[in-house]
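The structure appears right after this line, and notes come after that.
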Amino acid sequence: MLLKNNVCKKDIFCLIDKYSRVISRVEAEMLLEYLFNCARIDLYIRDFKVDKTIEKLYDSLVSRRMSGEPVQYITGRAEFMGLDFIVTKDVLIPRPETEILVSEIINSSRFPAREPLAGHSNNNKETKFSHLQYSSSGHESISREQSQEVKILDLCTGCGNIAVSLSKLMPQAEIVATDISEAALKIAEKNALRHDLSDRIKFYKGNLFNALIFATFARHRNNGGLSINTDIKQESVVKNPKFDIIVCNPPYIKEGELPYLQKEVKVEPEIALNGGRDGLDFYRVIAKESHRYLEKGGSILLEIGFGQKKGIENIFSSYNIFEIYKVIKDFSGIERAVCLKTLT
Ligand code: GLN
């Protein structure tokens, strides 16, 4: 394959073809974007010099990929809602399915709302997710005039993909995000900074809602807001912890299934995957606690795993204060998001 005189003029295409049987073209492009520190389009319009050193570097990236490392961990980047996110092994890699939650919140929060989150009664309406309402170049943000002043709580924020994209696309939204992992929160803060949203998203460390009540760790701004002050503080971190929307993509894999996951998924943090014995532990806590943090008529949007809708419906219905108003299927027809509102 390589390359007369160690230099293949024209070619990145030689490199893409070299491993076309073992990695997908998209993955090859992602690795090459990383290697040349360029945008994907540049691979096709710019003339990069491909010499032996570059080819060796590419070989080593591909061998990491072939040994089961997800391409996003190799490059340290992942795309979500058309935005670029920093990812490391401390965070779950954002999945396209999770865009359903973000899209639903954006569409429903438009003013005048296309489909208001609170107050409508198409019970258990099943919807197939589609990106048709978005322009092909990316995701349509809400203009300031259309945007309602909503307060959103993003639980298990991970790399901050949900919080950051909501903040970016909803100029009036006030966002609080929590995660139990300090390492994940550092990545989320970097992503907020990267998208110039540090002032608009507040991050707190703790297990689900506990992050809001027990201010064990007070975060303070220092060098761009990336450091954590571990002084113990007594008062609550959030003054009025009431939200219009609670969104969460919790860990929902059954503990017993963890050893059988694909090797790419197994390298992701267990803490971001393990949903307990039946995968529903986090939904139980959210069902139990969320009414204290929701405004009247507020909504909860949850990502769910395959076949979990019934179990989640049972958990929430036992409190008699929630109504499922929408279930959204993903591109494969799997029920992937449950939207609830409080009746009180
Ligand atoms: N909020 C992040 C995501 O949706 C991380 C979720 C998690 O760690 N379970 O991808």
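The values are calculated or read from the model by the stated rules, or taken from the named source; none is laboratory data. It should be emphasised that the depicted structure is a prediction, and the values quoted were computed from it without experimental measurement. All Cβ positions, even for glycine, are placed from backbone atoms using ideal geometry, and neighbour counts span all protein chains on display.
With the checklist (1) assigned to a strand (DSSP E or B); (2) of a type in the set (Ser, Thr, Tyr); (3) more than 22 Å from ALA163 (Cβ to Cβ) in hand, flag the one item SER299 doesn't pass.
Against the list (1) assigned to a strand (DSSP E or B); (2) of a type in the set (Ser, Thr, Tyr); (3) more than 22 Å from ALA163 (Cβ to Cβ), SER299 comes up short only on (3).
Working only within region 252-274, note down all residues that are within 9 Å of the ligand (Cβ to nearest atom), surrounded by fewer than 21 Cβ atoms within 10 Å (Cβ to Cβ) and under 16 Å from ARG336 (Cα atoms).
LEU273
Consider ILE312 carefully, then state whether it is modelled with pLDDT of 95 or more and within 15 Å of the ligand (Cβ to nearest atom).
no
Right, GLU303: surrounded by fewer than 15 Cβ atoms within 10 Å (Cβ to Cβ) and within 17 Å of the chain's Cα centre (by Cα) or not?
no
Answer with yes or no whether TYR44 is away from the ligand (no atom under 16 Å from the Cβ), over 29 Å from ALA184 (Cα atoms) and assigned to a helix (DSSP H, G or I).
Yes.
Identify, please: which residue in region 169-185 is surrounded by fewer than 21 Cβ atoms within 10 Å (Cβ to Cβ) and assigned to a helix (DSSP H, G or I) and is, among those, farthest from the ligand (Cβ to nearest atom)? Break it down stepwise before answering.
Taking region 169-185 and keeping what is surrounded by fewer than 21 Cβ atoms within 10 Å (Cβ to Cβ), we get 171-172, 174, 180-183.
Keeping just the survivors that are assigned to a helix (DSSP H, G or I) gives 182-183.
Numbers: GLU182: 14, ALA183: 12 Å.
By that ranking, first place goes to GLU182.
What single numbered condition from (1) part of a helix (DSSP H, G or I); (2) crowded, with 20+ Cβ neighbours inside 10 Å fails to hold for ASP59?
Every listed condition holds for ASP59 apart from (2).
Looking at region 130-138, is at least one residue surrounded by 19 or more Cβ atoms within 10 Å (Cβ to Cβ) and either at pLDDT below 95 or within 16 Å of the ligand (Cβ to nearest atom) (or both)?
Scanning region 130-138 turns up no residue that is surrounded by 19 or more Cβ atoms within 10 Å (Cβ to Cβ) and either at pLDDT below 95 or within 16 Å of the ligand (Cβ to nearest atom) (or both).
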